[in-house]
Amino acid sequence: MPGFLVHVGATIMCAHAGQAQPTAPNPRVNVGGQPVVTQSGPYTIAGCPFTTGGNPMPCVTGQWVTAAVRVLAGGVPVVLQDSQSVCTPNGTPMTVVATQVRVRGT
């Protein structure tokens, strides 16, 4: 599915509303003046309030499982707005809440 390319300034959250930030964006490719995010770079997640059975089990990191098929940056697929992800340690997804809306990829 086509979707907008995700960049460093995008708002991304875990399923429990923790704020996710990329750790390794591609500095050579920009959209909207900001570096794009590639599939290989993990995300750090802060402020996840998730608990199970009274024990805290917050999302700590996130990794993209799917990304663009036809758009690469530095030979690595670029993350799209509809890309799928998984957070550790609890396996829930990250969601792209807002990103740039000018450049699409597939």
Quiz prompt | Inter-centroid distance (Cα atoms) of segment 7-35 relative to segment 69-90, Å | solution = 11 Å
Quiz item: So what is the relative contact order of the chain, in percent, for Cα pairs below 8 Å that sit 6 or more residues apart?
Solution: 36 percent
Quiz item: Accessible area per residue of the chain at 1.4 Å probe, in Å²?
Solution: 52 Å²
Practice problem: Between beta-carbons, use under 10 Å as the cut-off and find the net charge around Pro2, counting Lys and Arg +1, Asp and Glu -1. | Solution: +1
Quiz item: Antiparallel DSSP bridges in segment 1-78: what percent, to the nearest 5?
Solution: 100 percent
Exercise. Starting from the Cα gyration tensor of segment 17-66, take the square roots of the eigenvalues, sort them a ≥ b ≥ c, and report rounded, prolate or oblate (rounded when a/c is under 1.5, otherwise prolate if a/b is larger than b/c, else oblate).
Key: prolate
Quiz item: Of all the accessible heavy-atom surface of segment 16-106, with the other protein chains kept in place and a 1.4 Å probe, what percent is carbon and sulfur?
Solution: 57 percent
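The values are calculated or read from the model by the stated rules, or taken from the named source; none is laboratory data. Since this is a predicted model, take the numbers as computed values, not measurements. Heads up, the Cβs are rebuilt from the backbone with ideal geometry, glycines too, and the neighbour counts pull from every protein chain shown. For the accessible areas, the whole protein counts, side chains as well, though only heavy atoms, and no ligand, DNA or RNA atoms are used. Shrake-Rupley method; radii C 1.70, N 1.55, O 1.52, S 1.80 Å.
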